[in-house]
Amino acid sequence: MKTQFEQMMDGLNDVEAFLAGKQEGFKAYVPQEVDVKAIRNRLGMTQAKFSDTFGFSLDAIKHWEGGRRTPEAPARTLLTVIDKNPAAVLTALNPAAFAAAVGSSKPITVHVSRYRKPRPSRGVTKRKAHSAAGKRITK
């Protein structure tokens with residue numbers, strides 16, 4: 001496996017070859033790992049909302065987030081674009097619905113903040129119960 005430096009150098013060599021006219025086109029970079037839960041949380045969506053909005057199955061989202069499966073290359077590509085520019089994906093998948101959702105019939109640009117403050121963890125809360133004798137039990 002190549003180091004990050006070697007990958008960067010390969011990329012720079014490709015750019016140099018392209019600019020010199022020795023190479024046409026480019027090779028797209030698809031990340032090996034995508035943090036689906038982090039992307040979904042940044043967008044403030046539930047698993048169900050995320051799957052409905054972007055066309056993934058709910059089971060796939062659950063398996064990806066649970067670490068039981070990893071997204072295939074096309075899904076990783078789409079997830080990367082969702083992470084970088086969710087409005088572009090929404091517009092491309094369903095322009096009419098997206099425009100209606102924001103109250104306009106013409107194309108618009110939407111800026112989505114990717115750096116939301118994480119919600120504080122609620123942690124484990126203690127439940128209070130009562131025994132048959134009426135004494136309070138803390139679990």
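Nothing in this text is a laboratory measurement; each read-out follows from the coordinates by a stated rule. Remember, predicted model here, so these are calculated numbers, not experimental data. In this analysis, Cβ positions are derived from the backbone assuming ideal geometry, glycine residues included, and neighbour counts consider all displayed protein chains.
Data table
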{"quantity": "Of Lys2/Lys37; Lys2/Lys84; Lys27/Lys62; Lys49/Lys84; Lys22/Lys84, those spanning more than 23 Å from alpha-carbon to alpha-carbon", "calculated": "Lys2/Lys37; Lys2/Lys84; Lys27/Lys62; Lys22/Lys84"}
{"quantity": "Per-residue HN-Hα couplings for segment 33-42 [Karplus 6.51, -1.76, 1.60; θ = phi - 60°; Hz; x = Gly/Pro]", "calculated": "10, 10, 8, 4, 5, 5, 4, 4, 5, 4"}
{"quantity": "Surrounding net charge for Asp10, when Lys and Arg each add one and Asp and Glu each subtract one, Cβ distance under 13 Å", "calculated": "-1"}
{"quantity": "Modelled label reach - Asp35, point 7 Å along Cα→Cβ, segment 82-96 residues with backbone N closer than 17 Å", "calculated": "82-85"}
{"quantity": "Gained length - Ala87 relative to Asn13, 0.36 nm times residue gap less alpha-carbon distance", "calculated": "23.4 nm"}
{"quantity": "Sparsely packed GluC sites (Glu not before Pro) within segment 1-71, loop by DSSP, other Cβ within 10 Å at most 11", "calculated": "Glu24, Glu33"}
{"quantity": "Placed amide H near Gln23: partners under 5 Å, 5+ positions off or other chain", "calculated": "Phe18"}
